[in-house]
1. Report yes if Thr120 is crowded, with 16+ Cβ neighbours inside 10 Å and free of Cβ contacts under 8 Å to residues at least 40 places away in the same chain, otherwise no.
2. Within region 96-111, restricting attention to residues that are surrounded by fewer than 17 Cβ atoms within 10 Å (Cβ to Cβ) and among the polar types (S, T, N, Q), which residue is nearest to Ile63 (Cα to Cα)?
3. Return yes or no: is Lys88 at pLDDT below 95, assigned to a strand (DSSP E or B) and out of contact with any Cys (no Cβ under 8 Å at 6 or more places or on another chain)?
4. For the condition of a type in the set (D, E, K, R) and either surrounded by fewer than 12 Cβ atoms within 10 Å (Cβ to Cβ) or farther than 20 Å from Phe54 by Cα (or both), what is the one hit in Asp82, Asp70?
5. Taking region 148-165 as the region of interest, how many residues are modelled with pLDDT of 95 or more, over 16 Å from Gly45 (Cβ atoms) and out of contact with any Lys or Arg (no Cβ under 6 Å at 6 or more places or on another chain)?
6. Among the residues of region 113-122, is there at least one that is out of contact with any Phe, Trp or Tyr (no Cβ under 7 Å at 6 or more places or on another chain) and closer than 24 Å to Lys139 by Cα?
7. Any residue in region 98-112 that's over 10 Å from Leu85 (Cβ atoms): show its pairings with residues that are modelled with pLDDT under 90 and assigned to a strand (DSSP E or B) at Cβ separation under 6 Å, as long as the two are six or more apart or on different chains.
8. Any idea which of (1) without any contact (Cβ under 8 Å) to a residue 24 or more places away in the chain; (2) out of contact with any His (no Cβ under 7 Å at 6 or more places or on another chain); (3) more than 18 Å from Ser156 (Cα to Cα); (4) part of a strand (DSSP E or B) is the one Val68 doesn't satisfy?
Amino acid sequence: MINKVSAILGLLVISAPAFAQEVNDFEFFKSMVGKWEGQLSRSTGEVVTTRSEFRLVSDGNTIVETLVEDGMEMLTTYSEKDGELIVKHYCSLGTEPIFSSSKSSRSSVALTLDPATGYTAGQHDFVSSMNYQADAADKDTIIQTSTASVEGMEQSNRTVLRRIQ
């Protein structure tokens, strides 16, 4: 009996790291590969249609998101450097902010602006944060929120995206 208990405890100890694994932010975005559509609501009251396509490129090392917001096409790349998520957004505001993960879980990733990008509110128009939250009830729905500095004013956005393919 003691041998059986020891064997079970040994298996639990050996398998414990599988349960304690850190969340991999890049894997979160890999799960989004495909096509998405939704509605973006701005704090200004404007509501626009948005589409995103997430593609895995560079032998699986980079995700490219082509984003069309109210007919305006933009690009965002997601990759890793030394195990850390690096996100670069080529924005219709004319800037290229770089983000890193500031908080994550199995169902969400919060991205904050890398201060080294040098953007300053009032001097530049830029996206300052992006957050992705998977819908607990529907794996094909993502809530994406963001903030942007536009003409010195902070603007917030909320997008509900549904996977279409």
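The values are calculated or read from the model by the stated rules, or taken from the named source; none is laboratory data. These numbers were taken from a predicted model, which means no experiment stands behind them. Cβ coordinates were reconstructed from backbone atoms using ideal geometry, including for glycine residues, and neighbour counts include every protein chain displayed.
1. The answer is no for Thr120.
2. Ser100
3. No.
4. The match here is Asp82.
5. Qualifying residue count for the region: 5.
6. Checked against the condition, which is being out of contact with any Phe, Trp or Tyr (no Cβ under 7 Å at 6 or more places or on another chain) and closer than 24 Å to Lys139 by Cα, region 113-122 yields no hits at all.
7. Matching pairs, first to second residue: none at all.
8. With (1) without any contact (Cβ under 8 Å) to a residue 24 or more places away in the chain; (2) out of contact with any His (no Cβ under 7 Å at 6 or more places or on another chain); (3) more than 18 Å from Ser156 (Cα to Cα); (4) part of a strand (DSSP E or B) applied to Val68, the lone miss is (3).
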